[in-house]
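Only one structure is covered here, and it is reproduced in the block below.
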Amino acid sequence: MKHTRRLATRAFRAETGEFLAEGPQAVREALTVPDATVEVFATEGATAQHVDLVDAADAAEVPWHVVTDDVVESIADTVQPQGVVARCRIPGASLDALLAADPTFLVVCADIRDPGNAGAVIRCADAAGAQGVVFVGDSVDPYNPKSVRATVGSVFHLPVVTERDTAATLARLQDLGLQVLAADGGGDVTLFDDDLDLARPTAWLMGNEAWGLPAATRDLADLVVSVPIYGRAESLNLATAAAVCLYASARARSTG
């Protein structure tokens with residue numbers, strides 16, 4: 001239990017290559033991935049309520065520990081946990097492996113600091129059919145408990161990669177033939193501009209929640225794209241802007 005509690009810290013997650021997935025949906029998705037789950041901790045109530053998860057853990061030969069509510073509360077990140085937490089292995093995703101698969105639709109998050117936003121972007125990317133999410137610069141750890149919870153299981157569906165060097169990462173994507181589109185309020189074009197070809201292989205570059213993309217980072221993109229604001233709102237939040245941009249690409253890719 002001491003080991004499991006320490007997974008709340010980024011340093012220990014990096015040291016062990018493990019993280020926590022909290023809630024029945026996250027645990028359900030974890031159990032669908034071979035060798036992703038080390039063990040599951042659940043209260044008596046959650047065990048009785050989620051028999052399908054117990055069966056899935058048994059089928060995957062993953063230990064299921066019935067523990068007290070206090071034990072789950074001590075390892076869960078939420079104030080009112082849902083009674084089930086899995087200790088999981090961080091997938092061995094890397095930028096090299098991701099690019100070796102010749103992706104044509106990616107998301108790059110630069111200096112994203114809020115774990116809830118990081119998780120929401122991963123969830124949006126999964127829903128829109130993106131083939132991976134790359135966190136660059138001083139971004140939050142996508143395996144932070146809050147990030148994992150916000151993905152609602154999507155963290156188990158697509159590669160999630162972290163890279164320190166923003167410029168080098170974007171250059172590698174461009175060398176692979178992806179256009180890098182920076183989502184920013186002061187765009188060269190709008191998302192619905194007829195000249196914007198979203199059917200092309202694309203990597204969307206999303207900036208920090210508070211200050212967006214610095215000029216030096218914007219300059220690395222092939223094009224800066226703004227989402228038009230038709231009402232009086234000052235701007236869109238990160239997760240909403242990501243969803244709008246990713247679904248615009250998904251539509252263009254599906255139609256041609």
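Just a few scattered comments:
- Matching option when the condition is modelled with pLDDT of 95 or more and polar (S, T, N, Q), among THR190, THR217, THR169: THR169
- Filtering segment 227-252 to residues that are modelled with pLDDT under 95, of a type outside the set (A, V, I, L, M, F, W, C) and closer than 23 Å to ILE122 by Cβ leaves SER235, ASN237, THR240.
- Just one of the numbered conditions (1) surrounded by fewer than 23 Cβ atoms within 10 Å (Cβ to Cβ); (2) within 10 Å of the chain's Cα centre (by Cα) is not true of TYR143: (1).
- Identification of helices (runs of 4 or more DSSP H) wholly contained in segment 1-113 with 1 or more residues that are of a type in the set (Gly, Ala, Ser) yields 10-16, 24-31, 44-49, 51-59, 69-75, 95-100.
- Per the conditions (1) of a type in the set (S, T, N, Q); (2) buried (at least 20 other Cβ atoms within 10 Å of the Cβ); (3) touching a residue at least 60 places away in the same chain (Cβ under 8 Å), the sole criterion not satisfied by THR43 is (3).
The values are calculated or read from the model by the stated rules, or taken from the named source; none is laboratory data. This structure is a prediction, so every number in the text was calculated from the model and none was measured. Cβ coordinates were reconstructed from backbone atoms using ideal geometry, including for glycine residues, and neighbour counts include every protein chain displayed.
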